[in-house]
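Structure, as structure tokens:
The values are calculated or read from the model by the stated rules, or taken from the named source; none is laboratory data. Because the structure is predicted, anything quoted here is derived from the model rather than measured. Here the Cβ positions follow ideal geometry from the backbone for every residue, glycine too, while neighbour counts run over all protein chains shown. All accessible areas refer to the heavy atoms of the entire protein, side chains included, with ligands and DNA or RNA removed. Shrake-Rupley method; radii C 1.70, N 1.55, O 1.52, S 1.80 Å.
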Amino acid sequence: MSTEIKRQNAGSVIRNVIYGSMTWLLPLGLSFVATPIIVRSLGNNDYGIYALVLGFIGYSFTFSLGRPITKYIAEYRATGESEKIRDVISASFFLNIVFGVFAMVVICGLANWLVHSVFRIEADARDRSVLAFYVASAIIFMSMLNQVLSSVIQGVQRFDIYSKVTTASSFSLIVGNLILAYLGFGLTSLLYWNLGVLIVFCGVLTFIAKRVLPEFSVGFRFSRSTLKMVVGYSTWTILYQLFANILLLFERGWITQRLGADELTHYVVPMALAMQLQAFISSLVLVIFPLASELKDEKEKLLGLYLKATKAISFIVVFMVASAAVQSSHFLGLWMGRDFAERSSTILILQMGCFGLISILSIAWQITEGLGHPKFNAMTIAVSTTIGVSLMMIFIGTYGAVGVAAARLIGFGLVFLSVFYVERWFFAEVQARFWMRLASSLLLAAAIAGSIEYGAALLLPSNWPSLFLSVGLGGIAYCMVLWFLDFVTVDEKLLVKRLIGR
């Protein structure tokens with residue numbers, strides 16, 4: 001197999017990163033418009049229930065069991081063992097169906113108990129909440145099938161196609177929800193629409209998978225060794241997702257039970273914004289997972305990929321977190337209203353800090369998983385979940401929802417230290433000099449940018465143009481400081497110039 005097939009050049013990697021980012025940009029803009037309308041249409045109480053069910057959909061049984069497909073397609077194509085791909089796809093598909101049916105049975109069986117005893121939802125909302133969990137079980141099943149099919153497209157590194165399909169799916173989902181909410185339909189109607197969109201795009205993904213991968217086929221005749229390999233890999237990916245899901249479901253259920261669905265709304269709206277940061281970064285680093293599988297025997301190139309990715313992601317994350325720290329109250333006040341901002345601005349700052357750390361940490365996670373060690377990720381998430389849940393139970397009595405957000409941040413802040421273990425494990429030493437230069441440069445630039453944003457916010461009137469102007473001024477200052485500090489290397493400057501030229 002040629003070198004061009006074995007390894008992407010810098011240009012193709014950049015294109016894949018750009019395509020990945022498009023899966024985030026349009027949905028973010030639509031969500032920005034849709035969220036206030038949906039909140040007002042459903043009301044704080046029903047929106048809290050809606051957010052609770054959506055969290056259950058995204059973070060209960062919806063595990064990325066297609067990850068072995070992405071890993072082994074990339075690995076087998078690089079080593080010329082394409083004949084093994086069919087078995088991996090079939091075994092993964094079989095595992096997803098079994099797990100999906102199990103999830104539906106469990107959720108439907110526990111729906112009444114969850115609504116009445118766990119989340120303690122108000123009596124007048126219990127019937128529609130139970131129905132919502134029934135619909136959620138079907139959504140979870142279809143989501144798992146879609147993840148398998150999406151993994152095929154990612155495995156062949158056709159992120160251009162993946163971006164178009166994901167963007168179209170998100171657009172359909174959000175616009176439909178917006179229209180239904182505007183017309184006065186309730187939360188179950190919105191969930192039915194989610195299910196319909198997933199069914200349609202499952203067919204679309206199947207058609208595309210057959211076109212981009214000649215080896216694509218699904219059957220129930222595969223070797224036991226392949227099933228064992230897929231199960232072995234998937235077991236650890238399931239476990240680390242399970243722990244992350246437990247944390248999210250616990251915090252939402254804990255807030256609902258102790259503080260009510262209304263308070264949950266004031267928690268999940270800023271959290272959703274912070275999760276958009278992680279979603280954006282995830283869209284950028286999708287390419288790292290298959291590349292790590294390809295470069296598993298070329299540690300020097302893998303280290304270069306890791307350092308450049310960490311540097312680029314940290315550059316984005318630090319500025320966004322710094323801006324959130326300065327602008328949270330102003331932004332939420334314009335977007336959701338002054339009363340909402342007073343209750344949620346601190347939560348937004350804490351959540352942005354938490355998901356910012358997760359975003360930077362995701363580089364090491366992608367490398368670790370691409371090299372075939374999902375067990376380590378499972379262990380780190382288990383530690384974070386244990387710390388987070390324990391502190392949430394302690395903090396909520398005194399600090400309310402703010403304490404829950406702080407507990408999550410502390411849990412992931414401690415787990416962030418695992419990055420240094422990963423570096424020593426795969427690259428023989430901790431990249432101390434890299435981190436010292438990275439931290440000193442970014443923190444100085446963020447401090448200057450934050451000061452400028454704060455001053456501009458004080459001087460300018462409180463409106464959207466002023467907010468955009470102050471953030472823009474801060475962004476310019478941030479980039480200029482880093483440029484003068486030679487944060488961007490000569491090679492990176494030339495690359496930027498070439499991209500601008502194109």
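Can you compute the helix-only [θ] at 222 nm over the chain? Use -39500 (n - 2.57) per DSSP H run of at least 4 residues, normalise by all residues, nearest 500 deg cm²/dmol. The helix-only estimate for the chain comes to -30000 deg cm²/dmol at 222 nm.
Trp236 exposes around 80 Å² of accessible area when a 1.4 Å probe is run over every protein chain in place.
A compact globular protein would have a Cα radius of gyration near 2.2 N^0.38 Å; the ratio found for the range 280-381 is 1.34. Taking Cβ atoms as reference points and 13 Å as the exclusive limit, the residues near Ser314 contribute a net charge of +3, counting Lys and Arg as +1 and Asp and Glu as -1. Across the range 417-480, Cα-Cα distances exceeding 13 Å account for 68% of all pairs.
A simple rule links phi to the HN-Hα coupling: the Karplus curve 6.51 cos²θ - 1.76 cosθ + 1.60 with θ = phi - 60°, which for the range 108-121 gives 5, x, 9, 4, 4, 5, 4, 5, 7, 9, 8, 8, 6, 6 Hz, with x for Gly and Pro.
Where does each of Ile394, Ile387, Ile89 land when they are ordered by accessible area, with a 1.4 Å probe and the largest first?
Numbers: Ile394 110, Ile387 45, Ile89 0 Å².
Of Ile394, Ile387, Ile89, the descending order of accessible area is Ile394, Ile387, Ile89.
Using R₀ = 30 Å, calculate the FRET efficiency as 1/(1 + (r/R₀)^6) where r is the Cβ-Cβ separation of Ser189 and Val101; round to 0.05.
On the way: r = 26 Å, r/R0 = 0.85.
According to the calculation, E is roughly 0.70.
All C-alpha to C-alpha distances of the chain, sorted into 20 Å bins beginning at zero, yield P(r) values of 22, 58, 20, 0 percent in whole numbers.
Would you kindly calculate the mean projected area, averaged across all directions, of the convex hull enclosing the Cα atoms of the range 210-330, in square nanometres? Intermediate results must be reported in sequence, preceding the final value.
Numbers: hull surface 50.0 nm².
With every direction weighted equally, the projected area is 12.5 nm².
Our summary gives the chain a relative contact order of 19 percent, counting only alpha carbon pairs under 8 angstrom and 6 or more residues apart.
A simple spin-label model places the labels of Leu443 and Ile476 2.8 nm from each other, with each point 7 Å out along Cα-to-Cβ. Per residue, the range 383-464 exposes 52 Å² of accessible surface when a 1.4 Å probe is rolled over the protein heavy atoms with every protein chain present. Applying both filters, DSSP loop and at most 16 other Cβ atoms within 10 Å, to the GluC sites (Glu not before Pro) of the range 259-325 gives Glu298. Computed 3J(HN,Hα) for the range 357-365, one whole-Hz value per residue from the Karplus formula 6.51 cos²θ - 1.76 cosθ + 1.60 where θ = phi - 60°, is 4, 4, 5, 5, 5, 4, 4, 5, 4, glycine and proline marked x. The Cα atoms of the range 316-356 cover 28, 14, 12 Å along the three principal axes, with the biggest extent listed first. With N as its number of residues, the range 378-502 has a Cα radius of gyration that, divided by 2.2 N^0.38 Å, comes to 1.45.
Solvent-accessible area of the chain (1.4 angstrom probe, protein heavy atoms only): carbon and sulfur portion equals 66 percent.
Taking only alpha carbon atoms, the range 109-241 gives an Rg to Rh ratio of 1.05, where Rh is the Kirkwood radius.
Please report the base-10 log of the normalised intensity I(q)/I(0) for the range 31-130, using a Debye sum with one equal scatterer per alpha carbon and no solvent, at each q in 0.11, 0.13, 0.23 (1/Å). Calculated log10 I(q)/I(0) at the listed q: -0.55, -0.68, -1.14.
Give me the percent of Cα-Cα pairs in the range 77-178 that sit more than 20 Å apart, rounded to a whole number. Don't skip to the end; give the middle numbers.
Numbers: 2993 of 5151 pairs.
In whole percent, the share of Cα-Cα pairs in the range 77-178 beyond 20 Å is 58.
Per residue, how big is the convex hull around the C-alpha atoms of the range 395-435? Give it to me in cubic angstrom, could you? Don't skip to the end; give the middle numbers.
Details: hull volume 2.6 nm³, N = 41.
In the range 395-435, the Cα convex hull volume per residue is 64 Å³.
Ellipsoid semi-axes for the range 356-412, based on the Cα gyration tensor and the rule √(5λ), read 27, 12, 5 Å when sorted largest first. Ranked by the mean number of other Cβ atoms within 10 Å of their residues, highest first, the peptides 205-214, 350-359 come out as 350-359, 205-214.
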